[in-house]
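A short write-up of the structure that comes next.
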Amino acid sequence: MNTLAGPVVIATAFAYLLLLAGIAYVGDRRAAQGRSIIGNTWVYTLSLAVYCTAWTYFGSAGRAATSGVWFLPIYLGPTLAMVLAWMVVRKMIRIAKTYRITSIADFIASRYGKSPLLAGLVTLITVVGIVPYIALQLKAVSGGYVLLTTPPGATAVPAADWWRDSTLYVALALAGFTIVFGARRLDSAERHEGMVAAIAFESVVKLVAFLAVGLYVAYGLFDGLADLYARVTAAPGLSPLLRLEQGGRFAYEQWFALIGLSMLSVIFLPRQFQVMVVENVDERHLRRAAWAFPLYLLLINLFVLPIAFGGLVIFGAGRMDPDGFVVSLPLAHGQQGLALAAFIGGLSAATGMVIVEAIAVSTMVCNDLLMPWLLRTRRFGARAAGDLTRTLLAIRRGAIVGVMLLGYLYFRLAGEAYALVSIGLISFAAVAQFAPAMLGGIYWKGGTKLGALVGLSAGFALWVYTLLLPSFVKSGWLDATWLSEGPGSIALLKPEQLLGLTGLDSLTHSLFWSLLANAGAYVVVSLARTPSGQEASQALLFVDIFERSAARRPVFWRGRARVPDLLQLAGRFVGAERARQLIDEHLRATGGDQTAADARMVQLVETQLAGAIGSASARVMVAAVVEEEPLALDDVMRMLEETSQLRALDRMKDDFMASVTHELRTPLAAIRAVTELMRDDAEMPGAQREAFLDIVVTETERLGRLVNQVLDMAKIESGHGEWHNSDVDLRTLLAHAVQTTAAMFKERGATVQLHLPDALPTLRADRDRLLQVLMNLLSNAAKFVPREGGRVDMRLRSDDAGVTVEVHDNGPGVPRDQQTLIFEKFHQGGDTANRPQGTGLGLPISRRIVEHFGGRMMLRSEPGQGACFGFFLPWVKDARGEAP
């Protein structure tokens, strides 16, 4: 067998990696210029082929050489997943884009109330399951290099000292390239366009290289596929490989278990989630990928059997490692160039997986393991100052190096052990544990954080017990009696025959128990406990993601927040300039002021932070700088009901415009009519002319009030309202309001009863604004009390927290379906036919005034029992922090 010089192989490999780095650089540069390379369906599809790792490139032929077509289920599963379940992926993409989710740990944690504990658990499962898989890639690259450079008959001697092991430097080099691809800068969207472009290019390289070797074997070493298969059929030891049952019973359960496992893995492997969900720039790309990615899988597997059978025919069974047939077959026949190209193809398969996986895992380690701990410290906490973007980058770069070194350590310890050879399927089974929490989370609103925690813990524990530890036993690391007899010689606890279940291979057995316990615990625990308000709100946002546009999406947050605090917090993670731009854009869009932040601004900042530090850490940081009121489940449902009625508000906007137009036209029409009469009748009696002039004055005043209300509302909403605070005696103010509106109630034949306490401290507020609120409440009551027997009770009471004012009438009340909308500025009480005159701005203005002073408006009403409108205002603390 011919060989290649080691420096030639190393130089070619590094030249190829530098080419990838150049592609990544161009991709990032074009993205910065607004000319995205990855905004292309084919680039997106090719990036999904990161699924095909060195295990595919080298291992498929190796598995086919020993098991025939049993390599196929690992690729049939992804094919079925993309064809049948692309709508699931589309939903995941929409959720991730909307809430800036950057990893699978972040996705699960965000769905279940933004739980740091859940995010940490998912990250730990990922690290345990994936680090050995990285070791497998290092082994493949190392094995390919040894095959190319070791003379025939010679045995490669592993380096006795770790610092002389070339695989260590391969790992470090890959860590360096990974940092270049994915950790050069911090992006709150967590997209790596250059990396995606490089991965797409790698996918082309490994496909072309594998097809080239396959064509050479089929038509260069044999006279076509018919000749090759004829030789296999004629060989007694090889012909069973052509049959599904392999000379025995066809293991249906194992076949379908492998298909199901690979269906889950193509969605839930961290690298697949990264390229399929996080890096997606247009969810429409998924439609073509749904058939183009399965086509790619078909092409890369076309020559697996010819290469496997060709190696067995030429080398003989057991004489050559079948995992190396892709390289050894052309190398043995003097095709050094093709063998080197095949090695580069395998290097592409390995490096693509390692780079994307390391970026995904480092993001999770940073956001979900290290950041929650750092943010509890004084130096990095929410109230600390300083830009943290460099710190975040340093942590992620360190995590990338750490993950690569862990992979090398596993490779170094395991060597050629059983655990390393089978680690692909073992890793698949680990990430399959995410399926119940993920799928349940996006389709079932009843799933809870505790259910997900218990389910994941149970599934992970059984995966370790029934699959990972047995692989250690077979590697010689643990006592074999533990596997054959069970712990303490208890047969029911045998890891591969748990509770007496026999007849299944170890992988299917482990999948059965781990997923059964995972899904069962998730459902049972979730049903046994009512979700918290935070969990319920996130469930609604995830499950109903397609049912609401961004403008109609509910914001489940209540409390008080200051714009400067949110601006400073955002600046620490996304940069001061970017933070100011985001806040200014929001203020322009909403007409908010520079001091008090609304719920959507709080959500905006939290979402931006989530892209940098994960949703769980973002939740903690935002909560530390705002005064948040905890939400109960009833609060969440009420907010949802309010949001669900926003479409009705759109229709009410039209009603409002019609109402305002009508209100403007009515006085103008009256003024025009009487003035025309007076103009046309020069001899009109003086008394009648005087009456007409009174009409003009009245209608002009009415017109002025309407314009003033509209302008007042606009000024308050834009933050330009005028406020003149003083010490207000509410007892006197309520009496004045009742006296001012007395004539209005007398005209309606109604009475007003005022209920005041004997004494009350003064309240620091704007007297005229509070009087405006009181007048609005009394005016509304006067409109709706019955013509005869109308009664209004106005009450004032206080406690240690503040004062409450209530205006209770005996009118028809407010229907339940209108109670959540009554304070909206486009809503008027009453039905369309019997709606009293007005613009529907009185209550919205009142609400804005009350909220300005830290209070809240209230409404209690039962049909037929009148309505009780009111407001609560808190005491303003003095300089000593004490209320009056």
For the range 183-204, does any single residue satisfy the condition of being under 20 Å from residue 295 (Cα atoms) and either open to solvent by 30 Å² or more (accessible area, probe 1.4 Å) or outside any helix (DSSP H, G or I) (or both)?
yes
Condition set aliphatic (A, V, I, L, M) and open to solvent by 70 Å² or more (accessible area, probe 1.4 Å), scope the range 492-534, selection farthest from residue 619 (Cα to Cα): answer is 492
Residue satisfying condition, being within 24 Å of residue 243 (Cβ to Cβ) and either open to solvent by less than 60 Å² (accessible area, probe 1.4 Å) or of a type outside the set (Phe, Trp, Tyr) (or both), within set 29, 63, 35
63
Is the range 809-818 home to any residue that is under 17 Å from residue 866 (Cβ atoms), of a type outside the set (D, E, K, R) and without any contact (Cβ under 8 Å) to a residue 24 or more places away in the chain?
yes
Unmet requirement for residue 537, which otherwise passes all of (1) open to solvent by less than 10 Å² (accessible area, probe 1.4 Å); (2) modelled with pLDDT of 90 or more:
(2)
Selection status of residue 217, within 28 Å of residue 18 (Cβ to Cβ), open to solvent by less than 10 Å² (accessible area, probe 1.4 Å) and of a type in the set (A, V, I, L, M)
no
Is there any pair with a first residue in the range 587-615 that is closer than 21 Å to residue 629 by Cα and open to solvent by 20 Å² or more (accessible area, probe 1.4 Å) and a second that is outside any helix (DSSP H, G or I) and among the aromatic types (Phe, Trp, Tyr) whose Cβ atoms are under 9 Å apart and which are 6 or more apart or on different chains, and what are they?
599/556; 599/557; 600/557; 603/556; 603/557
Which ranges mark the helices (runs of 4 or more DSSP H) fully within the range 363-434 that have 1 or more residues being modelled with pLDDT of 85 or more?
389-414, 423-431
Mind listing just one residue for me: the one in the range 747-763 that is at pLDDT 85 or above and over 30 Å from residue 725 (Cα atoms) and, of those, least open to solvent (accessible area, probe 1.4 Å)?
750
For the range 38-47, name all the residues that are part of a helix (DSSP H, G or I) and either surrounded by fewer than 24 Cβ atoms within 10 Å (Cβ to Cβ) or charged (D, E, K, R) (or both).
41, 42, 43, 45
Checked 47, 67, 36 against criteria (touching a Lys or Arg at 6+ places or on another chain (Cβ under 8 Å) and small (Gly, Ala, Ser)); the one match is 36
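With respect to residue 457, determine if the residue is among the small types (Gly, Ala, Ser), more than 24 Å from residue 74 (Cα to Cα), open to solvent by 40 Å² or more (accessible area, probe 1.4 Å) and within 27 Å of the chain's Cα centre (by Cα).
Details: among the small types (Gly, Ala, Ser): yes; more than 24 Å from residue 74 (Cα to Cα): yes; open to solvent by 40 Å² or more (accessible area, probe 1.4 Å): yes; within 27 Å of the chain's Cα centre (by Cα): yes.
In short, yes.
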Of the conditions (1) closer than 28 Å to residue 167 by Cα; (2) over 25 Å from the mean Cα position of the chain (by Cα), residue 76 clears all except one; give me its number.
(1)
Pick from the range 672-686 the residues that are open to solvent by less than 80 Å² (accessible area, probe 1.4 Å) and among the aliphatic types (A, V, I, L, M): which of them is nearest to the chain's Cα centre (by Cα)?
673
Taking the range 85-144 as the region of interest, how many residues are under 10 Å from the mean Cα position of the chain (by Cα), assigned to a helix (DSSP H, G or I) and either of a type outside the set (Asp, Glu) or farther than 29 Å from residue 349 by Cα (or both)?
15
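Okay, residues lined up against (1) more than 30 Å from residue 255 (Cα to Cα); (2) in contact with a His (Cβ under 9 Å, 6 or more places away or on another chain); (3) polar (S, T, N, Q):
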{"position": "505", "(1), (2), (3)": "no, no, no"}
{"position": "510", "(1), (2), (3)": "no, no, yes"}
{"position": "533", "(1), (2), (3)": "yes, no, no"}
{"position": "545", "(1), (2), (3)": "yes, no, no"}
{"position": "560", "(1), (2), (3)": "yes, no, no"}
{"position": "579", "(1), (2), (3)": "yes, no, no"}
{"position": "582", "(1), (2), (3)": "yes, no, no"}
{"position": "595", "(1), (2), (3)": "yes, no, yes"}
{"position": "603", "(1), (2), (3)": "yes, no, yes"}
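The values are calculated or read from the model by the stated rules, or taken from the named source; none is laboratory data. Model, not experiment: these values are computed from the prediction. So basically every Cβ, Gly included, is an ideal-geometry build from the backbone, and we count neighbours across all protein chains shown. Keep in mind that these areas ignore ligands, DNA and RNA; they rest on the heavy atoms of the full protein, side chains included. Shrake-Rupley method; radii C 1.70, N 1.55, O 1.52, S 1.80 Å.
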